[in-house]
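Asker: Here it is: the structure, laid out below.
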Amino acid sequence: MRRFNTTGPCIPGKHYMVDLTERLAQICGLVDGGAYFTVNYARQYGKTTTLAELEKVLTEKYLVISLDFQRFSDFCFESERNFCYAFAAAFSKEAGRFLADGADGRRQIEELASARKDAGFNLMYMFELLRDFCERSDKPVVLVIDEVDYASNNRVILDFLSQLRYGYLDRELRGMRSFHSVILAAVYDVRNIRRKIRPVEHNVNSPWNIAADFEVDMSFSKEGIAGMLREYEADHATGMDVSEMASMLYDYTSGYPFLVSRLCKLMDEKIRPEETGEDGMYPWTKKGFHEAVRLILSEENALFGSMIGKLADYSELNTMLSSLLFAGEHTVYNPDNLAISDATMFGFVKNRQGNVAIANRIFEARLYNYYLSTAE
């Protein structure tokens, strides 16, 4: 039996999922065009799930090397040499899965792995080997890195991004072979990563200014939610009104993937009709839905924990959200305002006809409850 999933990536055949076909087609268009870009969305917005499904689509045409910076220890980011050692090891292991003995590119991978023993191994040397590998590969190489902002407060990440940029420019201006496409997934906007470095530097030019705009909507549409519910209904025959339920889920969440899946999971697993004395359709009716809303607003979960943590860490963000909720202030949406930019990046607010608005009704209610309780 499939289930609704809110922990880790979703897996087709194991979890109920929104159809990603259109989203993947849009991203594939960027890859086919040789773009370097960032999948920059808030926590638990389906980035890892999308990348996993994207890899399946791309492997027929490309050699996809998928890495995750969250697997690297803090020690790996303490120096350039530590980082190069860890990156070369991870890249070699991943590439080795696809290359048989004697295949083109195998020698370059072995050279990359052995170069870690060289005392002079650094980013420039490593990228020379990586470009050589791309030159020898039978297929164009696509590099995918998840959680790229995991250690973004370390200078070495800036230097790493700069090397990716040089590779892109060499490809475009000199016709040199490099990564065909690079995809970075992060919560924090990689283009503005410099302001996380301490001390603040005068030079704030982004090393990622070659990135293409990523305009793929990662939220769930009402139609996408309805498609997922129809699959559930085919398995369970609850008799729910799929269209009405999809509308309620969208109206309360604005399609935020975690919130949609969490509300569905609560209705599926936590709300029991036998406890109410009503018929078996209860969990998937209006009454069941509002009970799920009550439950999600009172529970502890990673998303809400992250939200409250950000309010403590970013005082200007905290002040802006409080004023937005209680003072009735209309704040013009200005992306140059740091608090607005941060709130948008974390998924807390959105641009509604030129004004700042809380991203969805669930967030609005949870923030109200938080501010009221702290006032008490």
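The values are calculated or read from the model by the stated rules, or taken from the named source; none is laboratory data. Every value quoted in this text rests on a predicted model; they were computed, and no experiment measured them. Counting neighbours? That spans all protein chains shown, and the Cβs are built from the backbone with ideal geometry, glycine included. These area figures cover heavy atoms from the full protein model, side chains too; ligands, DNA and RNA do not enter into them. Shrake-Rupley method; radii C 1.70, N 1.55, O 1.52, S 1.80 Å.
Asker: Please report, for the Cα atoms of segment 226-325, the Rg to one decimal and the Dmax as a whole number; what are they, in angstrom?
Answerer: 16.1, 49
Asker: Using protein chains only and a probe of 1.4 angstrom, how many square angstrom of Met345 are accessible, to the nearest 10?
Answerer: 30
Asker: Can you give the Rg/Rh ratio of the chain, where Rg is from the C-alpha atoms and Rh is the Kirkwood radius? Intermediate values should be presented prior to the final figure.
Answerer: Working: Rg = 23.1 Å, Rh = 22.9 Å.
So for the chain, dividing Rg by the Kirkwood Rh gives 1.01.
Asker: If you don't mind, there's one more thing I want to ask. Top to bottom by accessible area (1.4 Å), largest first, where do Val57, Val349 land?
Answerer: The most accessible residue leads, giving Val57, Val349.
Asker: If the elastic network links every pair of Cα atoms under 10 Å, which of Ile308, Ile362, Ile296 fluctuates the most in the Gaussian network model of the chain?
Answerer: Looking only at Ile308, Ile362, Ile296, the biggest GNM fluctuation is shown by Ile308.
Asker: Could you give the angle, 0 to 90 degrees to the nearest 10, between helix 21-32's Cα long axis and the longest principal axis of the Cα atoms of the chain?
Answerer: With rounding to tens, the tilt is 20 degrees.
Asker: Before rounding to the nearest 500, sum -39500 (n - 2.57) across all DSSP H runs of length at least 4 in the chain and divide by the residue total; then give [θ] at 222 nm in deg cm²/dmol.
Answerer: Calculated mean residue ellipticity at 222 nm is -15000 deg cm²/dmol.
Asker: Further question on the same structure: Looking at this model, which pairs from Lys56/Lys270; Lys93/Lys117; Lys56/Lys93; Lys265/Lys286; Lys61/Lys350; Lys61/Lys265 are more than 26 angstrom apart at the alpha-carbon?
Answerer: Details: Lys56/Lys270 34 Å; Lys93/Lys117 16 Å; Lys56/Lys93 19 Å; Lys265/Lys286 15 Å; Lys61/Lys350 37 Å; Lys61/Lys265 36 Å.
Table pairs above 26 Å Cα-Cα are Lys56/Lys270; Lys61/Lys350; Lys61/Lys265.
Asker: So how much accessible area does Asp336 have, in Å² to the nearest 10, using a 1.4 Å probe?
Answerer: 140
Asker: Further question: Counting Lys +1, Arg +1, Asp -1, Glu -1, what net charge surrounds Leu229 among other residues with beta carbon under 15 Å of its beta carbon? It would help to have the intermediate numbers written out before the result.
Answerer: Working: positive: Arg2, Arg3, Lys222, Arg230, Arg262, Lys265, Lys286; negative: Asp19, Glu223, Glu231, Glu233, Asp235, Asp241, Glu244, Asp251, Asp268.
Within the 15 Å Cβ shell, the charges total -2.
Asker: With Kirkwood's inverse mean 1/r over C-alpha pairs for Rh, give me the Rg to Rh ratio of segment 104-148, two decimals please. Mind showing how you got there, number by number?
Answerer: Details: Rg = 11.4 Å, Rh = 11.4 Å.
My calculation puts Rg/Rh at 1.00.
Asker: Now for a separate question. Keeping every protein chain in place, order Ser298, Ser341 by accessible area at 1.4 Å, biggest value first, i.e. largest first.
Answerer: Largest accessible area first, the residues go Ser298, Ser341.
Asker: Okay, next question. Can you give the angle from 0 to 90° between the axis of helix 47-58 and the longest principal axis of the chain, with both taken from C-alpha atoms, to the nearest 10?
Answerer: So the helix axis and the longest Cα principal axis differ by about 60 degrees.
Asker: Compute the angle between helix 257-269 and the longest alpha-carbon principal axis of the chain, please, reported from 0 to 90 degrees and rounded to the nearest 10.
Answerer: Long axis of 257-269 versus the principal axis of the chain: about 50 degrees.
Asker: Can you sort Ser114, Ser79 by solvent-accessible area, 1.4 Å probe, largest first?
Answerer: Ser114, Ser79
Asker: How much net charge surrounds Gly347 when only the other residues with a Cβ under 15 Å from the Cβ of Gly347 are counted, with Lys and Arg +1 and Asp and Glu -1?
Answerer: Details: positive: Arg43, Lys47, Arg262, Lys310, Lys350, Arg352, Arg361, Arg366; negative: Asp149, Asp189, Asp217, Asp342, Glu364.
Result for the neighbourhood of Gly347: +3.
Asker: Placing unit charges on C-beta atoms (Lys and Arg positive, Asp and Glu negative, everything else neutral), compute the dipole magnitude of the chain about its Cα centre in debye, rounded to 20.
Answerer: 620
Asker: Report the charge-dipole magnitude of segment 1-64 in Debye, nearest 20, computed about the Cα centre from +1 at each Lys and Arg Cβ and -1 at each Asp and Glu Cβ.
Answerer: 340
Asker: How much accessible surface does Glu135 have with a 1.4 Å probe, in Å² rounded to 10?
Answerer: About 100 Å², rounded to the nearest 10.
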